[in-house]
Amino acid sequence: MREAFVQSFQNLRANKLRSFLTMFGILWGMVSVVVLSAMGEGFQQGNVKVLRELGKNIGIIWGGRTSLQAGGERAGRQIFLTLDDARALEAESSMVAVVSPELQAGAVRVKSAYNAATASVTGIEPQYQDIRAIELEYGRNFSWQDEEQAARVAIVGFDMTEQLFGKRNILGEVLTFNGLSYTVVGKIRKKTQDSNYSGPDNNKIFVPFAAMARDMPRRDADPGVVSDIIVSPKDWVVEGLPRVLNERTRRIEDIDWPLERNVRAILARRHGFDPDDKDAIAMWDTSMETLMFDRMIGHMKQFFTIVGIVTLALGGIGVMNIMLVAVKERTREIGVRKALGATTGEIQRQFFLEGFFLTMLSGGGGMLLAFGLCRLINLAPMPPRFSGMMLSWQMGLLALAMLVVVGVVTSTYPARRAAVLPPVEALRFEM
């Protein structure tokens, strides 16, 4: 076997230019497979990261206006969601894991010891911080003790912190909302958020829900009315969404999604509207958005992988073509070796190893080049929905497996052609 490898290497050296051009086709094919796969994975992970800046698989529910008559009530009635509605969803829904009411004030005059601003202030309960990804750079989250005591404490968004306090550490600082003093207990990390429903979290100030309801209630509705309700579905609900989508042949906009239908049925009993009235409440389910993006990115990854495989296969065809040319050029050599006692298996092994060695050497070089290129690209700043060239051992094994398959396929046929040449015909052959 060692002698076979040595002879294969010597034959490749004898035709340097031809060997290099052949190897370049395989090398470029391997670079295409690795780079395109890493790019697809980077887009997928970057998309997931951006979507989770808003919250992982959440539903935001707003009151709407009825479009159907129900229970003697006319159509066009305004539906206001309340704190009791949030408690009812938590108690009655089999699909909801976590519920949090939300109370917002859009233009509150806020003052610090250093500056003043008009900010969006939002009242939340502690569980809201987990399902909406309110992660802190420093400080502490709200606790149930803050909620029970309606404590005047605040967590400030990244950009709002810089506007009110500059680059100072804000823990323990005091903010004034309409003459009421709140103590800052936390600062939210910088969020690369490209979707929202009431403004980016970087510009917000959060306070306990009970304190918000007491100090800054809605002025356009009765006491107890909330701005919206946030829900987080149970895992099995999210896992069943692809099946629901696959069962439907109509437009996505027309699908009555299970979570929304379940929420609407509970709220319909409480507010006396028709459960089929889709206008009575509005709901944005981010798990559907995640599903749509995952499918789009998945198809893109498949396309990238197919392009890489086709490029690698074209390189393999080049190897097969060159090996067939080599067989023809060395026909007389094959005849001499067979006349001296070389077996069919030895001839086949010799030409197979030449093709396989050529493929693996160029493919290995291409893989190393691709890894280096990916690491170089990752040094540059990345756009929000792209996490860089994401390399994984699974992708490396897949690329290696494809390389081995191409090497075996492209080397076997020329080797077989060389092995079956009759010695007499091979000795009579002249170029």
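The values are calculated or read from the model by the stated rules, or taken from the named source; none is laboratory data. Predicted, not measured: the structure shown is a model, and the values here were computed from it. Here Cβ is always computed from backbone atoms with ideal geometry, including for glycine, and neighbour counts include all displayed protein chains. These accessible areas exclude ligands, DNA and RNA; they are computed on the full protein's heavy atoms, side chains included. Shrake-Rupley method; radii C 1.70, N 1.55, O 1.52, S 1.80 Å.
How much length is gained if the chain between Asn321 and Asp159 is pulled fully straight, taking 0.36 nm per residue apart and subtracting their Cα-Cα distance, in nm to one decimal?
52.1 nm
Once you place label points 7 Å from the Cα toward the Cβ at Asp84 and Leu68, how far apart are they in nm?
Inter-label distance under the simple model: 2.4 nm.
To one decimal place, what Kirkwood hydrodynamic radius in Å is obtained for region 95-149 from all pairs of distinct Cα atoms?
One decimal place: 13.3 Å for the Kirkwood radius.
Of the cross-linked pairs Lys167/Lys191; Lys49/Lys278; Lys56/Lys167, which ones have a Cα-Cα span greater than 24 Å in the structure shown?
Lys49/Lys278; Lys56/Lys167
Taking the Cα centroid of region 165-227 and of region 17-32, what is the distance between the two, rounded to the nearest whole Å?
60 Å
Dipole size in debye (nearest 20) for the chain around its Cα centre, Lys and Arg Cβ +1, Asp and Glu Cβ -1?
That gives the chain a dipole magnitude of about 1980 debye.
Based on DSSP H assignment, which helices of the chain show an axial Cα extent of at least 30 Å together with a mean Kyte-Doolittle hydropathy greater than or equal to 0.5?
In the chain, the long hydrophobic H runs are 16-54, 286-329, 344-377, 393-419.
Given the rule -39500 (n - 2.57) for each run of at least 4 DSSP H residues, summed and divided by the residues of the chain, what is its mean residue ellipticity at 222 nm, to the nearest 500 deg cm²/dmol?
-17500 deg cm²/dmol
Taking the Cα atoms of region 131-231, report the difference between the largest and smallest coordinate on each principal axis, in whole Å and largest first.
Sorted from largest, the Cα extents of region 131-231 read 40, 30, 24 Å.
How much of the accessible area of the chain, probe 1.4 Å, is carbon plus sulfur, in whole percent?
58 percent
Averaged per residue, what accessible surface does the chain expose to a 1.4 Å probe, in Å²?
That works out to 49 Å² per residue.
Taking the Cβ of Asn169 as the centre, find all other residues whose Cβ is under 15 Å away and add up their charges (Lys, Arg: +1; Asp, Glu: -1).
+2
What's the longest uninterrupted piece of the chain once you rule out the GluC sites (Glu not before Pro) that are loop residues per DSSP with at most 11 other Cβ within 10 Å?
Between the exposed loop sites, the longest stretch runs 1-246.
Kirkwood Rh over alpha-carbon pairs of the chain, then Stokes-Einstein at 37 °C and 0.692 mPa s: what D in µm² s⁻¹, rounded to an integer?
Approximately 122 µm²/s, per Stokes-Einstein.
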